[in-house]
1. State which residue pairs qualify: first residue crowded, with 18+ Cβ neighbours inside 10 Å and inside segment 35-57, second residue outside any helix (DSSP H, G or I) in any location, beta carbons under 7 Å apart, and separation of 6 or more residues or different chains.
2. So which helices (runs of 4 or more DSSP H) stay within the chain end to end and still have 3 or more residues that are of a type outside the set (A, V, I, L, M, F, W, C)?
3. Just to be sure, is Trp27 within 13 Å of the chain's Cα centre (by Cα), aromatic (Phe, Trp, Tyr) and surrounded by 13 or more Cβ atoms within 10 Å (Cβ to Cβ)?
4. Could you list, in sequence order, all residues of segment 5-54 that are more than 15 Å from Ile70 (Cβ to Cβ) and among the polar types (S, T, N, Q)?
5. Glu26 versus (1) at pLDDT below 95; (2) over 17 Å from Leu74 (Cβ atoms): which is the lone unmet condition?
6. For segment 18-70, which residues satisfy the criterion of being under 20 Å from Gly82 (Cβ atoms) and hydroxyl-bearing (Ser, Thr, Tyr)?
7. Is it fair to say Val80 is β-branched (Val, Ile, Thr) and closer than 16 Å to Leu31 by Cα?
Amino acid sequence: MIVDNSDLYSAIAALSQQLRSYGEEEWSSILDEALSISTLPGEILGEIRLQLLKLRASEVPMRLGLKWQIDDALSYLDHVLGASDVR
């Protein structure tokens, strides 16, 4: 369970590594870029949520068994940023 931004950043970095190990270089790079888009936490969190929503809408999470990790991160982001009406 993600409890703070530090946990989230670690979880996203781990998810990126998992995606890379499964050959999903593009998704891995997208998440890496989301982590470094800005120095402002609000911008980083918003970008991470946007990219996770796109990833979740693809077939990749179900195929690789990563859905729970994405849902955990999105749950934390929804709590911190306010519920997303995109989901």
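The values are calculated or read from the model by the stated rules, or taken from the named source; none is laboratory data. Remember, it's a predicted structure, so these values are computed and weren't measured experimentally. Here the Cβ positions follow ideal geometry from the backbone for every residue, glycine too, while neighbour counts run over all protein chains shown.
1. Ile44/Ile37; Ile44/Ser38; Glu47/Ile37; Arg49/Ser84
2. Qualifying helices (runs of 4 or more DSSP H): 5-21, 25-35, 41-57, 67-81.
3. Values: within 13 Å of the chain's Cα centre (by Cα): yes; aromatic (Phe, Trp, Tyr): yes; surrounded by 13 or more Cβ atoms within 10 Å (Cβ to Cβ): yes.
Yes.
4. Asn5, Ser6, Ser21, Ser29, Ser36, Ser38, Thr39 - these are the residues of segment 5-54 that are more than 15 Å from Ile70 (Cβ to Cβ) and among the polar types (S, T, N, Q).
5. All conditions pass for Glu26, except number (1).
6. Ser38, the sole residue that qualifies.
7. Details: β-branched (Val, Ile, Thr): yes; closer than 16 Å to Leu31 by Cα: no.
Against the criterion (β-branched (Val, Ile, Thr) and closer than 16 Å to Leu31 by Cα), Val80 does not qualify.
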